[in-house]
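In what follows, a structure is listed as structure tokens, so that the remarks can point back to it.
The values are calculated or read from the model by the stated rules, or taken from the named source; none is laboratory data. A quick note: this is a predicted structure, and the numbers were derived from the prediction, not measured. Here Cβ is always computed from backbone atoms with ideal geometry, including for glycine, and neighbour counts include all displayed protein chains.
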Amino acid sequence: MRKFLVILDDTRECLNAMRFAAMRAAKTGGGVEILSVIPPDEFNHWIGVGEIMREEARERIRAHFEVFAKWMRDKQGVEPELVIREGEPVPEILAQIREDPDVGVLVLGAGTDKNGPGPLVTQLSRSSGTLPVPITIVPGELSKEGLEAVT
């Protein structure tokens, strides 16, 4: 089954990327894989404190994931899977794509502020010619109706 890989982070544009991935998966018989990357700089503390912070970060991610997963199950009939990795976001995203042969499309949300589409979109689009999967960039300002029309 082809999976849509979507990134779970704290950005506003993440919401439209999640919606798009779930809608496309529902309409094409695919799946959704949600990846969250914990940056390594969050744990540069004493070993015991770092482990506690790492587990707290994982719990926050799981709670955030459950909100999206419930919507995907209830509204789109899609059962997403969660993957949590630790490291720098772009290398971890690329590693996940390489390690999971079922990933068929990377879905990213584009930011809408004056700083541009966001660091992930900027960095990954630069290397898009060498990626093993296509990237779909979902505009952050696209309405629910607009998403439904394009999916």
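Remark: pairs (first residue in segment 12-39, touching a residue at least 60 places away in the same chain (Cβ under 8 Å) and farther than 18 Å from SER143 by Cβ; second residue basic (Lys, Arg) and in a helix (DSSP H, G or I); Cβ separation under 8 Å; 6+ apart in sequence or on different chains) = GLY30/ARG24. Among the residues of segment 87-98, some residue qualifies, meaning at least one is out of contact with any Gly (no Cβ under 7 Å at 6 or more places or on another chain) and more than 23 Å from THR136 (Cβ to Cβ). All told, ILE38 meets the bar of being modelled with pLDDT under 95, within 14 Å of the chain's Cα centre (by Cα) and among the aliphatic types (A, V, I, L, M).
Only a single criterion out of (1) in contact with a strand residue (DSSP E or B) (Cβ under 8 Å, 6 or more places away or on another chain); (2) over 14 Å from LEU8 (Cα atoms); (3) among the aliphatic types (A, V, I, L, M) is not satisfied by VAL49, namely (1). Among the residues of segment 118-142, those that are in contact with a helix residue (DSSP H, G or I) (Cβ under 9 Å, 6 or more places away or on another chain) and either farther than 14 Å from VAL90 by Cβ or among the aromatic types (Phe, Trp, Tyr) (or both) comprise PRO132, VAL133, PRO134, THR136, ILE137, VAL138, PRO139, GLY140, GLU141, LEU142.
Could you say which residue among MET53, MET1 is at pLDDT below 95, in a loop (DSSP other than H, G, I, E, B) and of a type in the set (A, V, I, L, M)? Just a single option satisfies the conditions, and that option is MET1.
Can you find a residue that is within 15 Å of the chain's Cα centre (by Cα) and under 18 Å from LYS27 (Cα atoms) anywhere in segment 108-121? Looking for residues that are within 15 Å of the chain's Cα centre (by Cα) and under 18 Å from LYS27 (Cα atoms), one finds none in segment 108-121, hence no. Counting only helices (runs of 4 or more DSSP H) wholly contained in segment 77-151, the ones carrying 2 or more residues that are surrounded by fewer than 11 Cβ atoms within 10 Å (Cβ to Cβ) occupy 144-150.
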